[in-house]
Amino acid sequence: MQRSFLFVPAANQKAMVKAGQLGADALILDLEDGLAPPEKDMGRAAVIRFLRKRKDVPCPVLVRINANGSPLGQADIRAICTEQPGALVVPKVETAQHLQAVHDQMRAALAGTQKPIPALWAMIETPAGLLNLAAICRQGKALGLVGLIAGTNDLVHELRCANSPTRTPILAHLGQIILHARAFGLSALDGVFNDFSNADGFAKQARQGRAMGFDGKTLIHPSQIAPANLAFGPSANAIKQAKAIVRAFSYKKNAGKGAINISGQMFERMHLEAAHRLLAQLATENPTT
Ligand code: COA
Ligand code: MG
């Protein structure tokens, strides 16, 4: 499941201690924007300690490294790769060459070990990153790129647009991120919601992201996990409908049909495919159902 990815600033010891038990689908231990410059070395050491003790953490643990090509980013890659995080999250990806450079540094860091090169997530959060999405996705796939993350705070900042609750100024850009993720078979995560004490606002934005096609949302606070899991998880109605679609297509009379009638609504084989995907996702989350 990729409903809820919680950012955890690596320098925040209290947050790091409890992060694994909060019910997020994944953690992103952050070494980039969530840390002030004097905290960077201490944060990196904390990430290494966390990864070494990760067996008690029931979800994937990703690490967001510092900027491409910066000495900090390079030190992050050298130190973190050998600890085998679930993936590296690369901030401000603007070209496919950025990902190639990270991949080259990971390969160098792991040379002589039998350890696999970690997968990559690319944060798309600048105008250049948006313009180069196709090349980033196409070449990134060969470098272990598994998903895109909309970096909405940086995007709003770089575009100098309004940070509106409806996100009207950036909806087209979010759409581009989803479009490219789907075209290249990657996952897509929505950006963070800063106003973490506004539960209604969060729920609304999570539903908007879900409706646009995002697989899940990046989060900044524990209180956002349960609402994100709800918004991006399958609803009771969707599960009921998926089961009805699978059942109807399994009837002998529907065996050769492309489109069928279920209670006055048309369903095609693409809906059957989506129904199978939803039920498979559910089975992974809860093997007893
Ligand atoms: N992950 C894990 N635990 C977190 C957390 C997070 N992202 N954010 C808060 N917590 C913990 C706090 O440590 C606190 O723990 P406690 O009950 O043991 O004291 C508890 O949740 C309640 O936190 P709260 O007091 O409501 O907020 P705060 O003032 O401690 O923190 C922020 C607020 C915004 C500073 C904090 O949520 C944060 O740093 N979020 C992530 C920011 C980030 O990563 N930004 C970069 C990516 S966009
Ligand atoms: Mg950013």
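The values are calculated or read from the model by the stated rules, or taken from the named source; none is laboratory data. For clarity, every value in this text was computed on a predicted model and none was experimentally measured. As a convention, Cβ positions derive from the backbone with ideal geometry for all residues, glycine included, and neighbour counts pool all protein chains shown.
Which condition does Ile225 not pass, out of (1) among the β-branched types (Val, Ile, Thr); (2) in a helix (DSSP H, G or I); (3) within 16 Å of ligand 1 (Cβ to nearest atom); (4) over 26 Å from Asn286 (Cβ atoms), if it passes all the others?
Evaluating Ile225 over (1) among the β-branched types (Val, Ile, Thr); (2) in a helix (DSSP H, G or I); (3) within 16 Å of ligand 1 (Cβ to nearest atom); (4) over 26 Å from Asn286 (Cβ atoms) leaves (4) as the failure.
Can you name every residue in the stretch 130-163 that is within 13 Å of ligand 2 (Cβ to nearest atom) and touching a Gly at 6+ places or on another chain (Cβ under 8 Å)?
Within the stretch 130-163, Ile149, Ala150, Gly151, Thr152, Asn153, Leu155 meet the criteria.
For residues in the stretch 217-231 being touching a residue at least 60 places away in the same chain (Cβ under 8 Å) and of a type in the set (A, V, I, L, M), which is farthest from ligand 2 (Cβ to nearest atom)?
Out of the qualifying residues, it is Ala226.
With the structure loaded, tell me whether Leu6 is closer than 21 Å to Glu125 by Cβ and within 15 Å of ligand 2 (Cβ to nearest atom) or whether it fails that test.
no
Return the pairs, sorted by first residue and then second, in which the second residue is within 16 Å of ligand 1 (Cβ to nearest atom) and modelled with pLDDT under 95, the first residue lies in the stretch 92-109 and is within 18 Å of Leu133 (Cβ to Cβ), the beta carbons are less than 8 Å apart, and the residues are 6+ apart or on different chains.
Filtered contacts from the stretch 92-109: Lys92/Ala67.
Inspect the stretch 155-164 for any residue being of a type in the set (Lys, Arg) and under 25 Å from Gln105 (Cα atoms) and give the result as yes or no.
No, that holds for no residue.
Restricting the first residue to the stretch 232-251 and requiring it to be aromatic (Phe, Trp, Tyr), which pairs with a second residue that is part of a helix (DSSP H, G or I) meet a Cβ separation below 9 Å and a spacing of at least six or different chains?
Phe232/Ala206; Phe232/Gly209; Phe232/Arg210; Phe249/Arg269; Phe249/His271; Phe249/Leu272; Phe249/Ala275
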